[in-house]
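Asks: This is the structure I have questions about; it appears just below.
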Amino acid sequence: GAVVSQHPSWVICKSGTSVKIECRSLDFQATTMFWYRQFPKQSLMLMATSNEGSKATYEQGVEKDKFLINHASLTLSTLTVTSAHPEDSSFYICSARGPSGRAIADTQYFGPGTRLTVL
Amino acid sequence: SQKIEQNSEALNIQEGKTATLTCNYTNYSPAYLQWYRQDPGRGPVFLLLIRENEKEKRKERLKVTFDTTLKQSLFHITASQPADSATYLCALDESQAGTALIFGKGTTLSVSS
């Protein structure tokens, strides 16, 4: 199968600090990864699309300077929440999509999520 | 405007019955539709994908239908079990390479024994 991992699974930080979340595709190469945020009892909201070797594409209303995304390899994307504030507390989930032209590209495989709590 | 609606936030059924969840969409032209299961505090897990030219897809106790005329997908769990209790999300894919899925809010299913 296609496995995506995230690290850490949870993090608590003080307001004003930065937090980095890693997303890895373990057994396949992911040309495209996505970052979602989910508040309690809400749907997953897409934050940005991350393509290997190029700049991320952010959704409207998502501050690119606050949520830094790096997709340096075909198996790793990172999301850094800079100068985190309590309103950034949420469940952050990444997903990975396989290379175009293969069956695996039709489905997104999700990581287990990272619970961020900013005090 | 574009919308994806899952008909109810919560669905409670008895063990052994068939659960039917609905997903309706407007102003999208999805090439395929996917269903995911999400447990509390976890990421979504892929269940089934159905393409626009398919009417029905099955996997074990799961069945998905896709009616592009009605702009609706139905997701059925037969012989439901308490372990099926979770939130089920439908997601659209407009099939542009590299595009993200668009999710509904989900239906939380509770199966009581």
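The values are calculated or read from the model by the stated rules, or taken from the named source; none is laboratory data. Since this is a predicted model, take the numbers as computed values, not measurements. Counting neighbours? That spans all protein chains shown, and the Cβs are built from the backbone with ideal geometry, glycine included. Surface areas here come from the heavy atoms of the whole protein model, side chains and all, with no ligands, DNA or RNA. Shrake-Rupley method; radii C 1.70, N 1.55, O 1.52, S 1.80 Å.
Asks: Between the range A:29-85 and the range B:24-92, how many Å separate their Cα centres?
Replies: 25
Asks: Quick test of your reading: applying the under-4.7 Å Cβ rule, which cysteines of chain A are isolated?
Replies: Result for chain A is A:Cys13, no neighbouring Cys Cβ within the cutoff.
Asks: Here's another thing I want to ask about it. By how many nm would the segment from A:Phe39 to A:Thr82 lengthen if fully extended, with 0.36 nm per residue of separation less the alpha-carbon distance?
Replies: 13.6 nm
Asks: Could you tell me what fraction of 2.2 N^0.38 Å the Cα radius of gyration of the range A:27-119 comes to, as a two-decimal ratio?
Replies: Working: Rg = 13.3 Å, N = 93, 2.2 N^0.38 = 12.3 Å.
Here the Cα radius of gyration is 1.08 times the empirical estimate.
Asks: Just to be sure I understand the model, the point goes 7 Å from the Cα along the line to the Cβ. What's the resulting A:Thr117 to B:Glu54 distance in nm?
Replies: Between A:Thr117 and B:Glu54, the label points sit 4.1 nm apart.
Asks: Which of the aspartates and glutamates could a cross-linker bridge to B:Lys71, judged by Cα under 16 Å and excluding same-chain residues fewer than eight apart?
Replies: Answer for B:Lys71, where 16 Å is the Cα cut-off: B:Glu5, B:Glu52, B:Glu54, B:Glu56, B:Asp93, B:Glu94, listed by chain and number.
Asks: Then there is this: At the nearest 100 Å², what buried accessible area, both sides summed, do you get for A and B when the probe is 1.4 Å?
Replies: 1500
Asks: Across chain A, how many lysine pairs separated by 8 or more positions, or lying on different chains, have Cα atoms within less than 18 Å? Display every interim value, and only then the final one.
Replies: Details: A:Lys14/A:Lys66; A:Lys20/A:Lys55; A:Lys20/A:Lys64; A:Lys20/A:Lys66; A:Lys55/A:Lys64; A:Lys55/A:Lys66.
Within chain A, the lysine pair count is 6.
Asks: Continuing with the same structure: Computed over the Cα atoms of the protein assembly as shown, what is the convex hull's projected area averaged over all directions, in nm²?
Replies: 12.7
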